[in-house]
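Down below is the structure, laid out as structure tokens.
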Amino acid sequence: MAINMKNGFKIFKNGLATGLFLQLAIGPVFFYIVDLTLQRSFYDGLVAVLAVTIVDYLYITLSIIGIGKLLEKKKTKNVFGIVSSIVLIIFGAIIIKGMIDNGLSATVDIKSVSLLSSFLSVFFLTISSPMTIVFFTSIFTAKAVEYNYTKRELYIFGFSVGSATFLFMGLSVILFSLLKQSVPIALIQVLNLLVGVILIGYGAIRIIKILKPKKSNL
């Protein structure tokens with residue numbers, strides 16, 4: 001069944017609003033992208049945003065197809081959860097080590113890194129949390145029930161949710177790149193440390209929650 005333009009726009013607007021609302025839950029990836037923008041360049045921030053958007057669209061597509069149901073199994077969910085948490089901790093440790101090696105007042109030589117490295121680092125950091133599939137699956141299931149969306153309408157909804165990632169992150173990169181010259185080096189290094197601590201802390205908390213035995217109600 002074809003979707004008329006008015007209905008399609010309404011679905012897109014609903015998805016965009018939902019996506020922008022979800023972006024308010026700022027996580028480790030956001031801080032990492034801000035750090036890349038301040039430490040390297042505006043273009044590094046943009047390719048990082050592109051990496052996040054691609055991963056989001058990948059997970060959105062898999063969620064609509066229904067693969068997210070596989071990760072609802074407790075054992076599979078726990079394995080992916082532990083692996084992704086370890087990746088976050090490693091990323092955090094690398095960031096902190098780099099800051100210590102460069103010195104608290106040192107700046108990053110942007111000529112020594114490439115746009116590809118910025119893209120890949122954010123891509124793997126984002127894709128290391130496949131639980132996002134379960135998150136998107138839950139949202140799309142709820143919307144399908146609430147608005148009686150067909151699978152074709154869910155693809156429109158999913159596309160607009162993903163576009164919110166690019167819009168929010170992209171505007172953030174533009175804002176921080178404009179403020180870059182007025183941001184003290186010391187503050188950039190503090191942000192570097194904060195990003196590393198957040199990644200390590202977030203990963204550790206996730207592992208503890210997964211491994212912590214559930215209390216019996218008996």
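The values are calculated or read from the model by the stated rules, or taken from the named source; none is laboratory data. Treat the numbers as computed from the prediction; the structure is a model and nothing was measured. Note: ideal-geometry Cβ built from the backbone for every residue, glycine included; neighbour counts use all protein chains shown. With ligands, DNA and RNA removed, areas are computed over all heavy atoms of the protein, side chains included. Shrake-Rupley method; radii C 1.70, N 1.55, O 1.52, S 1.80 Å.
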**OP:** Looking for whichever is closer than 24 Å to LEU36 by Cα, open to solvent by 60 Å² or more (accessible area, probe 1.4 Å) and either of a type in the set (D, E, K, R) or touching a residue at least 12 places away in the same chain (Cβ under 8 Å) (or both) here; the options are LEU120, LEU125. Which one fits?
**Re:** LEU120
**OP:** Could you tell me which residue of the stretch 142-154 is modelled with the lowest pLDDT, considering only residues that are in a helix (DSSP H, G or I) and surrounded by fewer than 17 Cβ atoms within 10 Å (Cβ to Cβ)?
**Re:** VAL145
Original post:
Only one of (1) over 16 Å from the mean Cα position of the chain (by Cα); (2) over 24 Å from THR150 (Cα atoms); (3) surrounded by 17 or more Cβ atoms within 10 Å (Cβ to Cβ); (4) modelled with pLDDT of 70 or more is not met by PHE31, so which one is it?
Top reply: (1)
**OP:** Say whether the condition of being modelled with pLDDT under 80, assigned to a helix (DSSP H, G or I) and open to solvent by 60 Å² or more (accessible area, probe 1.4 Å) is met by at least one residue in the stretch 201-211.
**Re:** yes
Original post:
Going through the stretch 155-177 one residue at a time, which ones are within 16 Å of PHE12 (Cα to Cα), open to solvent by less than 40 Å² (accessible area, probe 1.4 Å) and among the β-branched types (Val, Ile, Thr)?
Top reply: VAL161, THR165
Subject >> Unique match (being part of a helix (DSSP H, G or I), of a type in the set (Lys, Arg), at pLDDT below 85 and farther than 20 Å from VAL197 by Cα) among LYS97, LYS75 >> reply: LYS75
**OP:** Would you confirm whether any residue within the stretch 100-111 is modelled with pLDDT of 75 or more and either open to solvent by 30 Å² or more (accessible area, probe 1.4 Å) or in a helix (DSSP H, G or I) (or both)?
**Re:** no
